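This report concerns only the one structure given below.
The values are calculated or read from the model by the stated rules, or taken from the named source; none is laboratory data. Predicted, not measured: the structure shown is a model, and the values here were computed from it. Don't worry about glycine lacking a Cβ; one is built from the backbone with ideal geometry, like all the others, and counts go over all protein chains shown. Note: areas computed on protein heavy atoms with side chains; ligands, DNA, RNA excluded. Shrake-Rupley method; radii C 1.70, N 1.55, O 1.52, S 1.80 Å.
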Amino acid sequence: MEMKTRPEIVISTVDSERLERLLDSLPNNGFIGKVELESELARARVVEPKDVPATTVTMNSTVRFKVESSSEEFELTLVYPKDSDLSGKTLSILAPIGSALLGLSQGDEIEWPKPGGGVLRVQIHEITYQPERSGEFHR
């Protein structure tokens, strides 16, 4: 099945460095989707934190999004694994949807491989909070 061209993604230098370190610290089969996340990071446009567009999903952003297969809308904060908790309000970057959201902009849609086959189609509705937009460049 042909993948639609993935939307351009933008990542801050801080997120890029931290995610590279995180990926390097994990075993090769550390989590499903490691290869996809690495390839997303490799194709991302990396900019200084202050230059990240205000409507782009960065680490620690809170995002309202919809997964096509469910009629539910989610509002979750994209976090590093160490900040992930059971509140139901966080989404680890290592979760398939977490990796898919990073670097996307409001209105973007992406197809992302699901563990066990098939794809998730995720659509970004709104970035309700973004650290960079709030002037927090080194959170």
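Here are a few things to note about the model shown:
- Qualifying residue in region 45-52 (condition: assigned to a loop (DSSP other than H, G, I, E, B), under 15 Å from the mean Cα position of the chain (by Cα), of a type in the set (A, V, I, L, M, F, W, C) and within 21 Å of I127 (Cβ to Cβ)): yes
- Considering residues of region 1-21 that are open to solvent by 60 Å² or more (accessible area, probe 1.4 Å) and outside any helix (DSSP H, G or I) only, the residue modelled with the highest pLDDT: E8
- Scope region 20-44; condition of a type in the set (S, T, N, Q) and more than 14 Å from the chain's Cα centre (by Cα); matching residues: S25, N28, N29
- Residue that is nearest to G135 (Cα to Cα), among those in region 22-49 that are open to solvent by 50 Å² or more (accessible area, probe 1.4 Å) and at pLDDT 95 or above: E48
- Only residues that are part of a loop (DSSP other than H, G, I, E, B), in contact (Cβ under 8 Å) with a residue 24 or more places away in the chain and of a type in the set (D, E, K, R) were counted across region 111-130, and they come to 0.
- Filter pass, F31 being in contact with a His (Cβ under 7 Å, 6 or more places away or on another chain) and either part of a strand (DSSP E or B) or within 15 Å of A95 (Cα to Cα) (or both): no
- Residue within region 59-72 that is more than 14 Å from P131 (Cα to Cα), surrounded by 20 or more Cβ atoms within 10 Å (Cβ to Cβ) and within 11 Å of the chain's Cα centre (by Cα) present: no
- Output for region 80-110, where each listed residue is in a strand (DSSP E or B), open to solvent by 10 Å² or more (accessible area, probe 1.4 Å), under 22 Å from V47 (Cα atoms) and not polar (S, T, N, Q): E109
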